[in-house]
Number of protein chains: 2
Amino acid sequence: MYNSQPTLIGRSRFSMKTYNLFFIGFGTIGRALAHLLQEKQSILQAGYAASFQLTGVATRRHGCAWNPAGLDMDGILRMADADGRIGKRSYEEAGLETLLKDSQADILVEITPTDRENGEPAASHIRTALRGGRHAVTANKGPVAYAYRELRDLARQADRRFLFEAAVMDGTPVFSLQRETLPAAGIIGFRAILNSTTNYLLTRMEKGMDFEEAVAAAQAVGIAETDPLADVEGWDAVLKVAALVNVMMDFPLAPAAITRQGIGMLDPAAVRRARAEDRPFKLVCRAVRTPNGVAGSVRPEQLSTDDPLASVSGTGTMLCIETDSLPGLIIGGTAPSPKTTAYGLLADLLAIVRAGPSQRSPF
Amino acid sequence: MYNSQPTLIGRSRFSMKTYNLFFIGFGTIGRALAHLLQEKQSILQAGYAASFQLTGVATRRHGCAWNPAGLDMDGILRMADADGRIGKRSYEEAGLETLLKDSQADILVEITPTDRENGEPAASHIRTALRGGRHAVTANKGPVAYAYRELRDLARQADRRFLFEAAVMDGTPVFSLQRETLPAAGIIGFRAILNSTTNYLLTRMEKGMDFEEAVAAAQAVGIAETDPLADVEGWDAVLKVAALVNVMMDFPLAPAAITRQGIGMLDPAAVRRARAEDRPFKLVCRAVRTPNGVAGSVRPEQLSTDDPLASVSGTGTMLCIETDSLPGLIIGGTAPSPKTTAYGLLADLLAIVRAGPSQRSPF
């Protein structure tokens, strides 16, 4: 165990409880969470009186497996790493509702690829879990951007939790920051850099690369998708703005209602000049209350170098929140990775553990 | 009420409860908290089923007043603003223990000036409150820097809380960030800018002022004390580093054990040159785990402009935390004021409300 004193938040004075997890999707994030659960096993037991066992895994390409007595995590990881089949049946054929029942899952861990147009299939997976009386945690921004209120209300009715700390800013505490540390504070608006890829591309372009070279570099280090359009054109950022507004500002802002302009048409020479003039370009996300609700935007802006957002380099992200009690609050992450995203999911799992038998809360 | 949706965290489904507050010290922060409690009254009742009433105030220069049925907050504020006497008796003469009993206080709000050499009299005030079975919240860093473990253990024995969110970074959630949003994360170390005054002075010096002009400017806007030595020589930052290490890294680091170098001997010309060369000076606080525990330091350092700490201008503060799960986590505040400090105290009061009848927790 690492030579440091982990925070103990929880219910160690209560009796040990085992939570059955069902992973839907088992890509990089799922594997990182599996490894993190193994790494943190002793502190989870000592500090939270909780142990988590994997009782089901469903993937689109590798089939699915379940066992209410617990699957062999190492075996699953070995098969996944070897890109082999986890099980013969596909989960479409089995049906998620049945799989959750057969695996006696307490919590659905939703980590499938999501459709930026509608947040599916993640939203439906979460719906199914909550309707079946199971908690749902996800690293997907889609369901939070498109279906937050419905899923939040479903969770309340079922006295279960719908949590998504990892959906924005790769595991940096954002939603829990507001939920747990900003009591009675009204959020007026925010400015943020939420998309790592475009920030990385701009940083590369400032150092002399043209757009295509920067994209190639980003793809080489695994930052940019094969199709970088969702990032470059601001779609990823738009969904994250919608998610933050829906949850933190309690206003249902549709992604389509957010002004969107990507970095695709920026001239690399202009990007270099802007940095040289200490007025760097960033893909800036904004949300602010208006008489009619909340207005959101994602667009390239030139920032002054004493603007905290201007200091976000490489794959970093940062959120500057204006509240009626704390005018200038900053939260940021400088080193996103599958492990930090997995940590966001673990934090959600522990929020469920901490709440104990009843998950009812006024929000 | 402000046109925004405050977060509702708490126990609104429980019955309304009134908490009796005793303020010891009633300067700028005490008045800001009194105003904030009035401003937030409706949301506290609606969202937390809590109401706070002032049942005692003790000051060194203006005497003290108490009434278990509740004091007239407006009247007290008017007298304080008019710099008049709150009551005839001095609290030394009455004795805090008696005053807390006579005022039937549930929570001591400790906001007296603190001695940087030993954290007194704040630590003794808090000791008295906890021994008497009362919660204690403070904006004082002294007791957290010098007596954290003793006071934490006293609080646990009494099943009461000792909270101090406002003691470092003026109300920006720091201690609650770790307590509530970083479960099972081990903190390896941190880098930070924690002293507003020196950061403001450096910013002024970069813009052409010499040291004395900068100090005068800071005093003119009420940032620097009449005796700026505690800030300039790094004492304030040292106590904040000790407080953060004691609590967040669970290691008892004495302020005297922290390497301290202030900005007093910095040559203004060098400060200007450093900024011009994009290697600005900042008074940087550091803590890192070592084989023997934790090493802390406060000293001027030149930072690269893509270092988030380099973007902290004016009176801002920022903390960059390295954990075993989130390698680069940033929390910062850009607009400190008596109101933000008061908000930190309010957040502590609401943490007590949220915990309900028993305050026991494993940390």
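The values are calculated or read from the model by the stated rules, or taken from the named source; none is laboratory data. No experiment lies behind these values; they were computed from the predicted model shown. Please note: Cβ atoms are built from the backbone with ideal geometry, for glycine as well, and neighbour counts cover all protein chains shown. Accessible surface is based on the protein model in full, side chains and every heavy atom, while ligands, DNA and RNA are left aside. Shrake-Rupley method; radii C 1.70, N 1.55, O 1.52, S 1.80 Å.
List the number of the failed condition for A:ASN195; all other conditions in (1) touching a residue at least 40 places away in the same chain (Cβ under 8 Å); (2) over 13 Å from the mean Cα position of the chain (by Cα); (3) closer than 18 Å to A:PRO280 by Cβ hold.
Unmet for A:ASN195, out of (1) touching a residue at least 40 places away in the same chain (Cβ under 8 Å); (2) over 13 Å from the mean Cα position of the chain (by Cα); (3) closer than 18 Å to A:PRO280 by Cβ: (2).
What are the residues in segment B:118-144 that are touching a Lys or Arg at 6+ places or on another chain (Cβ under 8 Å), outside any helix (DSSP H, G or I) and farther than 20 Å from B:THR341 by Cα, if any?
If the condition is that a residue be touching a Lys or Arg at 6+ places or on another chain (Cβ under 8 Å), outside any helix (DSSP H, G or I) and farther than 20 Å from B:THR341 by Cα, then B:GLY132, B:GLY133, B:ARG134 are the ones that fit.
Looking at (1) modelled with pLDDT of 95 or more; (2) more than 30 Å from A:GLN178 (Cβ to Cβ); (3) within 14 Å of the chain's Cα centre (by Cα), which is the one condition that is false for B:GLY119?
The one condition B:GLY119 does not meet is (1).
Collect the residues in segment B:288-303 that are in contact with a helix residue (DSSP H, G or I) (Cβ under 6 Å, 6 or more places away or on another chain) and either open to solvent by less than 60 Å² (accessible area, probe 1.4 Å) or modelled with pLDDT under 95 (or both), keeping them in residue-number order.
B:VAL294, B:GLY296, B:VAL298, B:LEU303
Of all residues in segment B:236-274, which are in contact with a strand residue (DSSP E or B) (Cβ under 8 Å, 6 or more places away or on another chain) and of a type in the set (D, E, K, R)?
Passing the criteria: B:LYS240, B:ARG260.
Can you pull out the residues in segment B:123-145 that are open to solvent by 30 Å² or more (accessible area, probe 1.4 Å) and within 14 Å of the chain's Cα centre (by Cα)?
Scanning segment B:123-145 gives a single hit, B:LYS141.
Residue-wise test of (1) assigned to a helix (DSSP H, G or I); (2) within 21 Å of B:THR114 (Cβ to Cβ); (3) open to solvent by less than 20 Å² (accessible area, probe 1.4 Å); (4) among the polar types (S, T, N, Q).
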residue	(1), (2), (3), (4)
B:VAL57	no, yes, yes, no
B:ALA65	no, no, yes, no
B:PRO68	no, no, no, no
B:ILE76	yes, no, yes, no
B:MET79	yes, no, no, no
B:ASP83	no, no, no, no
B:ARG89	no, no, no, no
B:GLU92	yes, yes, no, no
B:GLU97	yes, yes, no, no
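When you scan segment B:231-243, do you find a residue that is loosely packed, with under 15 Cβ neighbours inside 10 Å and not small (Gly, Ala, Ser), even just one?
Taking every residue of segment B:231-243 in turn, none turns out to be loosely packed, with under 15 Cβ neighbours inside 10 Å and not small (Gly, Ala, Ser).
Of all residues being closer than 24 Å to B:ALA310 by Cβ and over 22 Å from the mean Cα position of the chain (by Cα) in segment A:281-302, which is farthest from the other protein chains (Cβ to nearest Cβ)? Just the residue, please.
A:PRO300
Can you tell me which residue within segment B:146-164, out of those that are more than 16 Å from B:ASN246 (Cβ to Cβ) and not charged (D, E, K, R), is surrounded by the fewest Cβ atoms within 10 Å (Cβ to Cβ)?
Result: B:GLN157.
From the list A:SER42, A:SER51, which one is at pLDDT 80 or above, in a strand (DSSP E or B), under 23 Å from A:PRO338 (Cα atoms) and within 14 Å of chain B (Cβ to nearest Cβ)?
The match here is A:SER51.
Listed here are the residues, each with its yes/no results for (1) of a type outside the set (Gly, Ala, Ser); (2) assigned to a strand (DSSP E or B); (3) surrounded by fewer than 24 Cβ atoms within 10 Å (Cβ to Cβ); (4) assigned by TED's automatic domain parsing to the domain that holds B:VAL221.
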{"residue": "B:ALA166", "(1), (2), (3), (4)": "no, no, no, no"}
{"residue": "B:GLN178", "(1), (2), (3), (4)": "yes, no, no, no"}
{"residue": "B:GLY189", "(1), (2), (3), (4)": "no, yes, yes, yes"}
{"residue": "B:ALA192", "(1), (2), (3), (4)": "no, yes, no, yes"}
{"residue": "B:LEU201", "(1), (2), (3), (4)": "yes, no, no, yes"}
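Restricting attention to segment B:269-280, does a residue exist that is facing chain A (nearest Cβ under 7 Å), touching a helix residue (DSSP H, G or I) at 6+ places or on another chain (Cβ under 9 Å), modelled with pLDDT of 95 or more and surrounded by fewer than 22 Cβ atoms within 10 Å (Cβ to Cβ)?
No.
Is segment A:303-317 home to any residue that is more than 10 Å from chain B (Cβ to nearest Cβ), out of contact with any Cys (no Cβ under 8 Å at 6 or more places or on another chain), on the phi > 0 side of the Ramachandran plot and touching a residue at least 24 places away in the same chain (Cβ under 8 Å)?
Within segment A:303-317 (the criterion being more than 10 Å from chain B (Cβ to nearest Cβ), out of contact with any Cys (no Cβ under 8 Å at 6 or more places or on another chain), on the phi > 0 side of the Ramachandran plot and touching a residue at least 24 places away in the same chain (Cβ under 8 Å)), the answer is no, since none of the residues qualifies.
Which one is farthest from the other protein chains (Cβ to nearest Cβ), of the residues in segment B:145-164 that are closer than 24 Å to B:ALA32 by Cβ and not in a helix (DSSP H, G or I)?
Taking the candidates together, the pick is B:PHE162.
Go through segment B:172-203 and give me each residue that's more than 7 Å from chain A (Cβ to nearest Cβ) and among the aliphatic types (A, V, I, L, M).
Hits for segment B:172-203 are B:VAL174, B:ALA192, B:ILE193, B:LEU194, B:LEU201, B:LEU202.
Looking at (1) over 23 Å from the mean Cα position of the chain (by Cα); (2) acidic (Asp, Glu); (3) surrounded by 20 or more Cβ atoms within 10 Å (Cβ to Cβ), which is the only condition B:ASP348 fails?
Here B:ASP348 meets the rest and fails (1).
Name the residue, out of B:PHE22, B:PHE26, that is outside any helix (DSSP H, G or I), away from chain A (no Cβ under 14 Å), crowded, with 18+ Cβ neighbours inside 10 Å and at pLDDT below 95.
B:PHE26 is the lone residue from the list that is outside any helix (DSSP H, G or I), away from chain A (no Cβ under 14 Å), crowded, with 18+ Cβ neighbours inside 10 Å and at pLDDT below 95.
For B:THR226, indicate whether it is open to solvent by less than 20 Å² (accessible area, probe 1.4 Å), away from chain A (no Cβ under 14 Å) and of a type in the set (Val, Ile, Thr).
Answer is no for this residue.
In this structure, is A:MET265 of a type outside the set (Asp, Glu), surrounded by fewer than 21 Cβ atoms within 10 Å (Cβ to Cβ), out of contact with any Gly (no Cβ under 7 Å at 6 or more places or on another chain) and more than 21 Å from A:VAL168 (Cα to Cα)?
yes
Listed here are the residues, each with its yes/no results for (1) open to solvent by 10 Å² or more (accessible area, probe 1.4 Å); (2) in a loop (DSSP other than H, G, I, E, B); (3) more than 16 Å from A:ASN195 (Cβ to Cβ); (4) not acidic (Asp, Glu).
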site	(1), (2), (3), (4)
A:LYS282	no, no, no, yes
A:ARG286	yes, no, no, yes
A:THR305	yes, yes, yes, yes
A:SER313	yes, yes, no, yes
A:CYS320	yes, no, no, yes
A:GLY344	no, no, yes, yes
A:ARG354	yes, no, yes, yes
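In this structure, is B:ILE107 outside the structural domain of B:VAL245 (by TED's automatic domain parsing), in contact (Cβ under 8 Å) with a residue 60 or more places away in the chain and open to solvent by less than 40 Å² (accessible area, probe 1.4 Å)?
Against the criterion (outside the structural domain of B:VAL245 (by TED's automatic domain parsing), in contact (Cβ under 8 Å) with a residue 60 or more places away in the chain and open to solvent by less than 40 Å² (accessible area, probe 1.4 Å)), B:ILE107 qualifies.
(1) in contact (Cβ under 8 Å) with a residue 40 or more places away in the chain; (2) facing chain A (nearest Cβ under 8 Å): which one isn't true of B:THR334, the others all being true?
(1)
If you go through segment B:32-55 one residue at a time, how many are without any contact (Cβ under 8 Å) to a residue 60 or more places away in the chain and open to solvent by 20 Å² or more (accessible area, probe 1.4 Å)?
Qualifying residue count for the region: 8.
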